[in-house]
Each structure stands twice: as C-alpha cells, then as structure tokens.
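*Asks:* Encoded as structure tokens, here's the structure I'll be asking about.
The values are calculated or read from the model by the stated rules, or taken from the named source; none is laboratory data. Computed from a predicted structure; not experimentally measured. Please note: Cβ atoms are built from the backbone with ideal geometry, for glycine as well, and neighbour counts cover all protein chains shown. Please note that ligands, DNA and RNA were not included when accessible areas were found on the heavy atoms of the full protein model with its side chains. Shrake-Rupley method; radii C 1.70, N 1.55, O 1.52, S 1.80 Å.
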Amino acid sequence: MSSGVNQQKAVDVWEEVVGETIAGHTEAVSVEHGVLFIRAESSTWSQELQLKKKEILSKINTKVGKQTIK
C-alpha cells in the first residue's frame, strides 16, 4: 500500500482509534508528510490529545501499518 493511501487511512480510522468521546470533540483533518493534523474544539481537548499522543500514535500506526504517522 502506498504511503499516501496509508496516510489517508489514518484520517479514516481516527474515531475508531480514539473512541467516541474524544472523536466527538476532535476531527482528523489531514496528513502532510507523515504528520496528522487534528482540529480540537477547545484547548482542553487539545491538551487531552497531547497527554494521549504516544498511545494514539501507536494505535493509528498499528491500524494503518508501519510508521505512517510520526
């Protein structure tokens, strides 16, 4: 699977990876050069993502394969 397809898949699996609660307050917007851009509805949710960053990255990369997202 090409890098671009894997990167798009990262956006597609966002809700599945983070769960309904976090997904309800955030949105995976795009991926550029292996960086997943997320829109959060508030600084509180942004901070929550920062605290869970390693866990989220691990889950996304497990779903899409390899180290697609940095």
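*Asks:* Can you check what the net charge comes to around K9, using other residues whose Cβ is under 12 Å from the Cβ of K9 (Lys, Arg +1; Asp, Glu -1)?
*Replies:* Taking every other residue near K9 into account, the sum is 0.
*Asks:* What relative contact order, as a whole-number percentage, does the chain give when Cα pairs under 8 Å and 6 or more residues apart are counted?
*Replies:* 37
*Asks:* For the chain, give the percent of accessible area contributed by carbon and sulfur heavy atoms, probe 1.4 Å, rounded to a whole number.
*Replies:* 49
*Asks:* If each of V29 and S43 carries a label point 7 Å out from its Cα toward its Cβ, how far apart are those two points in nm?
*Replies:* 1.8
*Asks:* List every residue whose amide H lies under 5 Å from the amide H of S30, counting only residues 5 or more places away in sequence or on a different chain, with H placed 1.01 Å from N in the peptide plane.
*Replies:* Result for S30 returns F37.
*Asks:* Something else now. For a bin width of 5 Å, list the pair-distance distribution of the chain built from all Cα-Cα distances, rounded to whole %.
*Replies:* 3, 19, 32, 27, 13, 5, 1, 0
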